[in-house]
1. Criterion first (modelled with pLDDT under 90 and either under 23 Å from K24 (Cβ atoms) or polar (S, T, N, Q) (or both)) does G139 satisfy it?
2. If I filter the range 85-113 down to residues being more than 23 Å from R30 (Cβ to Cβ) and open to solvent by less than 50 Å² (accessible area, probe 1.4 Å), which single residue comes out as modelled with the highest pLDDT?
3. Out of curiosity, is A73 modelled with pLDDT under 90 and open to solvent by less than 30 Å² (accessible area, probe 1.4 Å)?
4. With the requirement that a residue be surrounded by fewer than 22 Cβ atoms within 10 Å (Cβ to Cβ) and free of Cβ contacts under 8 Å to residues at least 40 places away in the same chain, what does the range 130-140 give you?
5. Can you name every residue in the range 110-156 that is hydrophobic (A, V, I, L, M, F, W, C), under 16 Å from T99 (Cβ atoms) and out of contact with any Pro (no Cβ under 9 Å at 6 or more places or on another chain)?
Amino acid sequence: QFLYFIGGGDAMSAADFLNEIHTKCVDHVRDVLEHVNTVSYITGVLEQLGRPFTADNVKCVPSREAIASGRAAVGAVPAGDTSIASTVPNMTEAGYMWTDTTIARRGDIVLHEDQLRTREDIERSLRHELIHAFDDARGYVEPTNCYHHACSEIRAARLSGDCFVSQEVKRGNIDLFSGRSC
């Protein structure tokens, strides 16, 4: 059994550490949905469109890599259970579910809890994915049409803050000294 050292040197088991990651993800989601004005605005509009969106529509799950390696968070998937790895959506951080899957229904948002560690990461991802939810609720996106997906991705990136200069600098897409842009 591995021990993880947190902050001031406190040790915890791997299971406790992974369960803490899951719990933090769930807590951050609830906090963002409750306290972030832009997120509250989008969820309010979704409700007006007949698609109420709550914390129950957000699934904090480990990534395929975490499940396959046996590092799955205890709260979501039993550690070492690699049988469901292929049912977890294959994405880097988060995704809007355009269709029903084994772990989420159409209209849900899946967050990979091992990829999104901070409240800021979860807030940005929720804003992005809620733009997809809005596009879906309006009925303008055909899930199998690549052009529709591309348009929704551009809108989500632009409206969620993904394209803010600070985000692009963090990703290394902008070098303020050479003038390279994203």
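The values are calculated or read from the model by the stated rules, or taken from the named source; none is laboratory data. Bear in mind that the values here come from a model prediction, so they are computed numbers and not experimental data. We place every Cβ from the backbone using ideal geometry, glycine too, and count neighbours over all the protein chains shown. For the accessible areas, the whole protein counts, side chains as well, though only heavy atoms, and no ligand, DNA or RNA atoms are used. Shrake-Rupley method; radii C 1.70, N 1.55, O 1.52, S 1.80 Å.
1. no
2. Residue satisfying both the conditions and the ranking: W98.
3. yes
4. D135, G139, Y140
5. Matches in the range 110-156: A133, A137, V141, C146.
Residue-wise test of (1) within 13 Å of R127 (Cα to Cα); (2) modelled with pLDDT of 95 or more; (3) part of a loop (DSSP other than H, G, I, E, B).
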| position | (1), (2), (3) |
| --- | --- |
| Q1 | no, no, yes |
| Y4 | no, no, no |
| G8 | no, no, yes |
| M12 | no, no, no |
| F17 | no, no, no |
| I21 | no, no, no |
| T38 | yes, no, no |
| Y41 | yes, yes, no |
